[in-house]
1. What is the number of the single condition among (1) under 16 Å from R36 (Cβ atoms); (2) part of a helix (DSSP H, G or I) that G95 does not meet?
2. Of the numbered conditions (1) modelled with pLDDT under 80; (2) open to solvent by 70 Å² or more (accessible area, probe 1.4 Å); (3) under 17 Å from A127 (Cβ atoms); (4) out of contact with any helix residue (DSSP H, G or I) (no Cβ under 6 Å at 6 or more places or on another chain), F60 fails exactly one; give the number of that condition.
3. Identify, from the list R118, R86, R132, the residue that is at pLDDT 90 or above and within 15 Å of the chain's Cα centre (by Cα).
4. Which pairs have Cβ atoms under 9 Å, sit 6 or more apart or on different chains, and link a residue in region 104-120 that is over 20 Å from P57 (Cα atoms) to one that is among the polar types (S, T, N, Q) and part of a loop (DSSP other than H, G, I, E, B)?
5. Give the residues of region 63-72 that are surrounded by fewer than 20 Cβ atoms within 10 Å (Cβ to Cβ) and not hydrophobic (A, V, I, L, M, F, W, C), sorted by residue number.
6. Given (1) open to solvent by 20 Å² or more (accessible area, probe 1.4 Å); (2) in a strand (DSSP E or B); (3) farther than 15 Å from V26 by Cβ, identify the lone condition not met by Y105.
7. Can you find a residue in region 72-84 that is in a strand (DSSP E or B) and of a type in the set (F, W, Y)?
Amino acid sequence: MVSGFFRPFVTPEWCTPGVGCFAIIVNNDNGASQDRGDSILYAGSGGRRRGQNRTAPQSFDQDWTNATNSALRLNFEAGEPVRVVRGPKLLGAHGTAESGGGFRYDGLFRVASAEMVRSPTSGLLTAMFELRKVCGGEAEGAQAG
């Protein structure tokens, strides 16, 4: 893996097709994600016309062929964690705006679920991922096998 804080300079996810997702930046999106601190409901990628950013409303169904959605689903299937970075545009108590802004590495999170859900407001399919903070090598809320 390349050394450094975060490889991409535009996208909020660092993924390699067929390998998985290494890191995500939780900073802003179209409002579908929910950050609860040690758990994050993360809205997937895609569903917008070329040239629209993540804050634009979704205009068509997302799917598993999208590189980010596919990579995060691979993390889920393989049990591989993803690094979470939070930024100043993240709404709520977990963003960095009130503490001076910038970006903050907040640790490893396990992808606890990956599913396509239909939005109750738009009717469009959105890939949703539940991320749970890894504490001491085990994700919070994980069941002993």
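The values are calculated or read from the model by the stated rules, or taken from the named source; none is laboratory data. Every value quoted in this text rests on a predicted model; they were computed, and no experiment measured them. Using ideal geometry, Cβ is built from the backbone for each residue, glycine included, and neighbour counts are taken over all protein chains shown. SASA here: full protein model, heavy atoms, side chains in, ligands and nucleic acids out. Shrake-Rupley method; radii C 1.70, N 1.55, O 1.52, S 1.80 Å.
1. Unmet condition: (2).
2. (1)
3. Working: R118 fails: within 15 Å of the chain's Cα centre (by Cα); R86 fails: at pLDDT 90 or above.
Selected residue: R132, the only one of R118, R86, R132 that is at pLDDT 90 or above and within 15 Å of the chain's Cα centre (by Cα).
4. Once the first residue is over 20 Å from P57 (Cα atoms) and sits in region 104-120, its partners that are among the polar types (S, T, N, Q) and part of a loop (DSSP other than H, G, I, E, B) give R104/T96.
5. D63, T65, N66
6. Y105 satisfies all of (1) open to solvent by 20 Å² or more (accessible area, probe 1.4 Å); (2) in a strand (DSSP E or B); (3) farther than 15 Å from V26 by Cβ except (3).
7. Here is the first cut: in region 72-84, the residues in a strand (DSSP E or B) are 81-84.
Now drop any that are not of a type in the set (F, W, Y), which leaves none.
No.
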